[in-house]
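**Student:** Can you read through this structure? Questions will come right after.
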Amino acid sequence: MPSRLPSLKVVLIVLAPCLLVLGIWLGGHPRWLPDPVANALVGGEDRRVTLDALDTIHDKYYRKVPFGELSDAAIAGAVKNLDDRFSAYLSPRQYHAFRESLANAFEGIGTGIRGDPRGLRIVTVYPGSPAKRAGLRPGDIVTHANGRRLAGLPEDAAVALIKGPARTSVTLRIRRGSRSFARRVTRERIQISSVKSRTVSAGGKRVAYIALSTFGPDNAHVQMLAAIRRAKQRGVKGIVLDLRHNGGGLITEAQLVASMFLARGPIVTTRGRAVPESTLYAIGQPIAGRLPTVVLVDRGTASASEIVAGALQDRKRAKLVGTRTFGKGIFQQVMPLDNGGALDITVGQYFLPSGRNIGGVGTKPGQGLKPDVRAEDDPDTKRDEALDRALKVLAGEL
């Protein structure tokens with residue numbers, strides 16, 4: 001009698017891919033399975049109900065909605081419900097723009113911006129940018145972009161309306177104090193240098209003014225290192241480190257920059273529910289040595305820049321001059337998703353060497369760092385009053 005084994009092999013070969021496809025389909029459509037099987041497959045009743053609801057909307061809604069859009073909306077809604085202004089779901093397009101911005105190169109009008117109840121607040125206007133040529137200033141509020149009201153929009157969505165391909169234009173409605181006016185700005189490819197420096201005078205002595213705009217992955221610490229070396233070669237007697245409008249960046253960059261001023265000892269400690277506690281210490285030899293240092297701060301000084309300013313203040317290495325900082329004592333972790341997007345969610349808090357946390361939970365910023373000497377620039381004058389005050393404080397330290 002002929003063997004039936006070859007026929008069985010053929011049947012299995014034919015059925016295997018069909019069973020695989022069926023398994024994948026059932027995994028994404030658990031409502032077709034018995035409850036115990038569905039719960040085990042998707043990881044619990046709550047997850048099954050969520051997938052079941054998305055399935056129902058996809059299949060029954062009067063207008064066809066791609067499942068990818070439903071998935072995006074579900075994730076974004078879950079993150080929004082955290083009531084945390086610092087957590088966000090980044091769609092694939094937004095995640096691409098996010099990575100581009102970290103590289104300090106992007107297409108847009110050339111501003112650093114932060115969310116505001118009225119829209120977006122400009123915290124930085126980059127030299128030579130379209131925004132600079134259009135007369136925009138730090139402190140301006142962008143309320144509309146191409147007629148679209150920005151108030152109430154997620155920050156990433158509002159930013160996306162302003163950014164865009166080079167050689168395209170956007171019409172912005174700006175509020176400056178009690179004034180409201182429109183500006184049409186043509187976007188360009190923007191390349192940003194993280195560090196700008198020059199030699200200035202404090203009490204008749206030569207000192208370095210070094211402005212650091214971000215702690216991005218473009219080796220900001222390398223640019224800082226070069227600026228301090230040049231300043232020392234010129235024989236400066238002190239340093240003004242300007243962290244105004246610096247919204248932060250990578251905590252490792254903050255560690256490296258702080259290490260240029262601090263010899264040994266803690267800089268920051270991070271703690272979270274799902275991340276192990278970790279303390280970052282000063283590393284290497286501080287290139288700034290014992291040069292007297294003053295740090296300029298304002299309400300736009302946040303996150304990684306607050307780590308540096310707070311560590312120097314706590315360790316009695318530098319005085320802070322300016323206004324109270326933003327107060328972002330929490331940190332986020334960006335976790336890429338299979339759809340090309342990413343979750344950027346708060347995973348922990350950081351604590352300065354003294355043990356203090358500057359806050360920033362939920363939708364509101366924390367108390368921030370209190371400056372040792374209060375000073376504020378008047379945007380309606382050509383002088384930088386806060387810098388003038390910092391130079392006077394530094395002169396007293398020389």
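**Student:** How about the range 177-205: which of its residues are within 20 Å of the chain's Cα centre (by Cα), crowded, with 17+ Cβ neighbours inside 10 Å and assigned to a loop (DSSP other than H, G, I, E, B)?
**Tutor:** Listed by number, the residues that qualify are 192, 194.
**Student:** What number of residues in the range 57-80 are touching a residue at least 12 places away in the same chain (Cβ under 8 Å) and either open to solvent by 50 Å² or more (accessible area, probe 1.4 Å) or among the charged types (D, E, K, R) (or both)?
**Tutor:** First, the residues of the range 57-80 that are touching a residue at least 12 places away in the same chain (Cβ under 8 Å): 57-58, 67-68, 70-72, 74-76, 79-80.
Applying the additional criterion that residues be either open to solvent by 50 Å² or more (accessible area, probe 1.4 Å) or among the charged types (D, E, K, R) (or both) yields 57-58, 67, 72, 80.
Qualifying residue count, the range 57-80: 5.
**Student:** Here is a follow-up. Looking at the range 302-327, which of the residues that are charged (D, E, K, R) and in contact (Cβ under 8 Å) with a residue 60 or more places away in the chain is least open to solvent (accessible area, probe 1.4 Å)?
**Tutor:** Here is the first cut: in the range 302-327, the ones charged (D, E, K, R) are 306, 314-317, 319, 324.
With in contact (Cβ under 8 Å) with a residue 60 or more places away in the chain added as a condition, the list becomes 306, 319.
Working: 306: 0, 319: 87 Å².
Taking the candidates together, the pick is 306.
Residue-by-condition table, conditions (1) out of contact with any Gly (no Cβ under 8 Å at 6 or more places or on another chain); (2) among the acidic types (Asp, Glu):
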position: 235; (1), (2): yes, no
position: 242; (1), (2): yes, yes
position: 256; (1), (2): yes, no
position: 259; (1), (2): no, no
position: 283; (1), (2): yes, no
position: 296; (1), (2): no, no
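**Student:** Being open to solvent by less than 40 Å² (accessible area, probe 1.4 Å), of a type in the set (A, V, I, L, M, F, W, C) and in a helix (DSSP H, G or I), is that true of even one residue in the range 109-129?
**Tutor:** Scanning the range 109-129 turns up no residue that is open to solvent by less than 40 Å² (accessible area, probe 1.4 Å), of a type in the set (A, V, I, L, M, F, W, C) and in a helix (DSSP H, G or I).
**Student:** Go through the range 131-185 and give me each residue that's in contact with a Pro (Cβ under 8 Å, 6 or more places away or on another chain) and within 25 Å of residue 344 (Cα to Cα).
**Tutor:** Going residue by residue through the range 131-185, those that are in contact with a Pro (Cβ under 8 Å, 6 or more places away or on another chain) are 137-139, 151, 185.
151, the sole residue that qualifies.
**Student:** Find the strands (runs of 3 or more DSSP E) located wholly in the range 249-314 whose residues include 2 or more that are under 26 Å from residue 206 (Cβ atoms) and at pLDDT 95 or above, and list them. Full working, then the answer.
**Tutor:** Details: elements: 266-271, 278-281, 293-297.
By residue number, 293-297.
**Student:** Being within 22 Å of residue 372 (Cα to Cα) and either among the charged types (D, E, K, R) or in contact with a Lys or Arg (Cβ under 7 Å, 6 or more places away or on another chain) (or both) narrows it down to one residue among 262, 312; which is it?
**Tutor:** Working: 312 fails: either among the charged types (D, E, K, R) or in contact with a Lys or Arg (Cβ under 7 Å, 6 or more places away or on another chain) (or both).
Selected residue: 262, the only one of 262, 312 that is within 22 Å of residue 372 (Cα to Cα) and either among the charged types (D, E, K, R) or in contact with a Lys or Arg (Cβ under 7 Å, 6 or more places away or on another chain) (or both).
**Student:** Scan the range 81-97 and tell me whether some residue there is exposed (fewer than 13 other Cβ atoms within 10 Å of the Cβ) and at pLDDT 85 or above.
**Tutor:** Yes, the range 81-97 contains a residue that is exposed (fewer than 13 other Cβ atoms within 10 Å of the Cβ) and at pLDDT 85 or above.
**Student:** Please list, ordered by first then second residue, the pairs with beta carbon atoms under 6 Å, 6 or more apart or interchain, first in the range 268-286 and more than 26 Å from residue 239 (Cβ to Cβ), second among the charged types (D, E, K, R) and part of a loop (DSSP other than H, G, I, E, B).
**Tutor:** 271/277
**Student:** Just name the residue that is nearest to residue 279 (Cα to Cα) out of those in the range 330-342 that are over 13 Å from the mean Cα position of the chain (by Cα) and surrounded by 15 or more Cβ atoms within 10 Å (Cβ to Cβ).
**Tutor:** Filtering the range 330-342 for residues over 13 Å from the mean Cα position of the chain (by Cα) gives 335-342.
Within this subset, residues satisfying the condition of being surrounded by 15 or more Cβ atoms within 10 Å (Cβ to Cβ) are 337, 341-342.
Details: 337: 29, 341: 30, 342: 27 Å.
Checked the range 330-342; the qualifying residue nearest to residue 279 (Cα to Cα) is 342.
**Student:** Also: Would you point out which residue out of 141, 162, 174 is within 29 Å of residue 242 (Cα to Cα), over 21 Å from the mean Cα position of the chain (by Cα), buried (at least 19 other Cβ atoms within 10 Å of the Cβ) and hydrophobic (A, V, I, L, M, F, W, C)?
**Tutor:** None of the others qualify; the one that does is 174.
**Student:** List, please: which pairs have Cβ atoms under 7 Å, are six or more places apart or on different chains, and start with a residue in the range 216-237 that is at positive phi and end with one that is open to solvent by 100 Å² or more (accessible area, probe 1.4 Å) and modelled with pLDDT of 95 or more?
**Tutor:** So the pair list comes out as 235/206.
**Student:** Do the conditions hold for residue 135, that is, is it within 27 Å of residue 323 (Cβ to Cβ), among the small types (Gly, Ala, Ser), out of contact with any helix residue (DSSP H, G or I) (no Cβ under 7 Å at 6 or more places or on another chain) and surrounded by fewer than 16 Cβ atoms within 10 Å (Cβ to Cβ)?
**Tutor:** On the way: within 27 Å of residue 323 (Cβ to Cβ): yes; among the small types (Gly, Ala, Ser): yes; out of contact with any helix residue (DSSP H, G or I) (no Cβ under 7 Å at 6 or more places or on another chain): yes; surrounded by fewer than 16 Cβ atoms within 10 Å (Cβ to Cβ): yes.
Judged against the criteria, residue 135 is a match.
**Student:** What is the number of the single condition among (1) of a type in the set (S, T, N, Q); (2) without any contact (Cβ under 8 Å) to a residue 60 or more places away in the chain; (3) open to solvent by less than 40 Å² (accessible area, probe 1.4 Å) that residue 146 does not meet?
**Tutor:** (3)
The values are calculated or read from the model by the stated rules, or taken from the named source; none is laboratory data. All values reported here derive from a predicted model rather than from experimental measurement. All Cβ positions, glycine included, derive from the backbone under ideal geometry; neighbour counts span all protein chains shown. What goes into the accessible areas is simple: the full protein's heavy atoms, side chains included, and nothing from ligands, DNA or RNA. Shrake-Rupley method; radii C 1.70, N 1.55, O 1.52, S 1.80 Å.
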